[in-house]
Every structure is written in C-alpha cells, then in structure tokens.
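K.L.:
Quick one: the structure is below, questions incoming.
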Amino acid sequence: MEDKDLLDKFFDPPSRNLAFNQLVRKYQQKTYWHIRRMVIDHDDADDLVQETFIKVWHNLHKFQGDSSLFTWIYRIATNECLTFLAKKRKRFFVPIVDVESQLAHKLDSMETFSGDDIQKKLQKAILSLPEKQRLVFNMKYYDELKYEEMSEVLGTSIGALKASYHLAVKKIEEFMLKD
Amino acid sequence: MKPTHNPSEFSWEKIPKDPGFQVPKGYFEAMSVEVKPWEWKRVETEALWKIAPTYFEELPQVIQQKVGFPAVWERRIGVEEMLSLEPTYFEYLPQRIQKRIGIENENSKAWTWNPWVVLRWTSVSLAAVFGIWFYVQMPSTVETKGLEQLSATDAKFYLLEHSNDGLEEWINEQSLESWDMAQLMEKQTLDKKTIESLEIVDVEDITL
C-alpha cells in the first residue's frame, strides 16, 4: 500500500487502527535493522522500536508530508538511538570503558550474532567510528539511502554527508587491513 | 565452518552485506500482532506501561488471573499494587522487561549496587578533597619550606596558581626537569614580588 493511502486511512477514524497496523508492518523491519545496527543488542533494539512507533502513533497527525513517511519515521528512530546512547554514556561518567567499546565487546559474547569473522570485524570497525559517521555509513552502506534522504533524516548538507561517508569508508578499510 | 578473515585479502566485495545479527524466531510476526497503540495511549501517563506496553500480556496466565486481567488495564495498576497482589510477579516478567524496570527503579527510588556509580562518586569526591587541600595547603608549605622543597610537579602547579597570567602556556612548553626559576626570571613572566614572597634567598641557584 502506498504511503498516501496509508495516511488517508489513518486520518479517517474508523480505519485508523488498521492503517497504523499496516504502517508498522510496512516499516518495522527497516526500522528495527536501522536501530539494531546502532545499539547492537536485540533487547535494546526491540524497546527502541516500540518507543519509535509509540512516537509515530502520537505524532502522525503532525506529519506535514514535507519529506517521505519513511524518512520521517527514520528520523524518529535515529533520535531514539542517539538519546539511548547518550543516556548510556551518562551512566559511565568515568570514561574507562566507552559505550562503543562495550558494544564491540558484546559482539564477541552475543548469542544473536551469526556472522563470520569478517562480518564481526566489520561491525567492530563501524563501532570504532564517531557516532554520526557510524550513522552515515550504516544508512548509505546497508540501507542504501540516497544522500538527499540522509540529508532529510540527519539535517546535514549533502556535501558534508559525502565527506563523512568517504572518511568512514577509509577508516573502516584501515581497520580491516590491520591484524 | 565459518570462514576466517585474512586482513591482507580484504575487499568490500567479499563482505556479505548482511551485518550478521539474528532476531529471535517469529519476532517480526509477533511484533505485528502486538501493535496496539490504542491501548498504549490509555496508559501513557504510567511509567510502567510506557516502559513496556505489552508486558502484562507476557505474564503467565496464572499471574494474570491473580492480579485481575483484564480489569488491570482499566485500573491502570502500578508496580507497588502489583507487588502487593503478587510478590513474585516481577520474577515472571521477561528478561527484557525486568531489565527496563530495574533501570527505572534504580533511577527513581531503589538504589542498587553499581560499581560504576561508586567509582564515579569516589573519584569525584577524592578529586574535590585533593583540590581543596592543595589550594589551602600549598601556600603555607611554600612559606615555611620554600619552593625548592616541593616536587617539580607541585611547584609547577603552585606557580600556575599563584603567578602571572600567561605563564601557563610558557611553562607547558618546558619539560619539568629543564625549567627553573632563573629561566622564569629571564622570561619576566613571574613578577619579582611573587618570588620574594616565596622567601627564596638565592633565586639563581634554584632548579626545580
């Protein structure tokens, strides 16, 4: 179903619940994977997906249609991730262990990781990037978003996004070539 | 057997585009069934329901009956009441929800032992105590013993704290072993009164 039809149904009270269910079904996997790649842990991703869709439910009436519905949901999910990671960081006031190293360490013991060595090393390389670069890389490499869409989600210029992605790729290549 | 990574052979083409994460079986299907925002809405003011909108449904049947499902939705029952009805109910919650509620409790009322929190506050307290001690104690040490009795590091801190602005940058360029009072004098960044007040008799001979 097209987004426009979904929205029309959503704004029509009798079909509101049905439309929202369809919206969730349509975007749940993309949203989940975007969040999961940022927070690594399944349970955390699960909670953040719920939070994201609660916010979508409460705020969909404010959606102006300036961007696509998907980039709007994606932006909410991204903000949820950043808030979650910032909260985690605050809990570790003494920076002996930073959140990203913790997540990288988690990868080694995680039962829900089924990738091979190279996939794990790539995830660790991504975790070594600064947060915003990590977002940009994931959005471009895994979700194959266009720079225009990324710009809508992150509120950053296309030029800056291209530079950020280029830097991220270089850093990851360096990381991957290390023993 | 899972392939092993050889760094010298890295190329993007060889990496699967799948990040390698798994989701529990049936997760996405279950999520679709669980989406009931019209129920979330009615409990939006209660922290517990906000934390985990579906948690009650995940409790075993026997617990649901004991606490009075589905009336519980209407009564918007809270954690305290739930505990009074069924003291063990917390143990029945799925791990994910226990974790969320645990964090919430820690933040709101019940303090739970967390070594990071202890480390954080211990280090902050020690730093504060040392800072106060240093600020109060150091001038009197200098007055009674003279600057030369201090370690190079302490003397540097003292001078930074009690002499002219602009000295810091210059001092930081010097190694602790090499700078001395004579050099400071040559730089004329430390005024003579400060040096005199330190009661150092022969300034030229003092190397910190």
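Values in this text are rule-based calculations from the coordinates and carry no lab data. These numbers come from a predicted model, not from an experiment. No Cβ is skipped: glycine too gets one built from the backbone with ideal geometry, and neighbour counts run over all protein chains shown.
K.L.:
Just how large is the dipole of the range A:120-159 about the Cα centre, in debye to the nearest 20, putting +1 at every Lys and Arg Cβ and -1 at every Asp and Glu Cβ?
P.N.:
Result for the range A:120-159 is approximately 400 debye, rounded to the nearest 20.
K.L.:
Let me ask another. Please identify, among A:Gln133, A:Gln123, A:Gln64, the residue showing maximal mean-square fluctuation in a Gaussian network model of chain A using a 10 angstrom Cα cutoff.
P.N.:
Answer for the Gaussian network model of chain A: A:Gln64.
K.L.:
Test of understanding: ordering A:Thr31, A:Thr71 by Cβ neighbours within 10 Å, fewest first, what list do you get?
P.N.:
A:Thr71, A:Thr31
K.L.:
Considering every residue in B:21-27, what mean count of other chain Cβ atoms within 10 Å of its Cβ is obtained? Write down the numbers at each step before the final one.
P.N.:
Working: counts 16, 7, 8, 4, 0, 0, 5.
What the average comes to for B:21-27 is 6.
K.L.:
Normalise the Debye intensity by I(0) for the range A:87-175, one equal point scatterer per Cα, no solvent, then take log10 at q = 0.12, 0.24 Å⁻¹ and round to two decimals.
P.N.:
-0.43, -1.17
K.L.:
Another question, if that's okay. Skipping prolines and chain starts, which residues have an amide H placed within reach, meaning under 5 Å, of the one on A:Phe113, given they are 5 or more residues away or on another chain?
P.N.:
Hits under the 5 Å cutoff: B:Gln22.
K.L.:
Which order results if A:Tyr27, A:Tyr165, A:Tyr142, A:Tyr74 are arranged by neighbouring Cβ count within 10 Å, fewest first?
P.N.:
Lowest to highest Cβ neighbour count: A:Tyr142, A:Tyr165, A:Tyr27, A:Tyr74.
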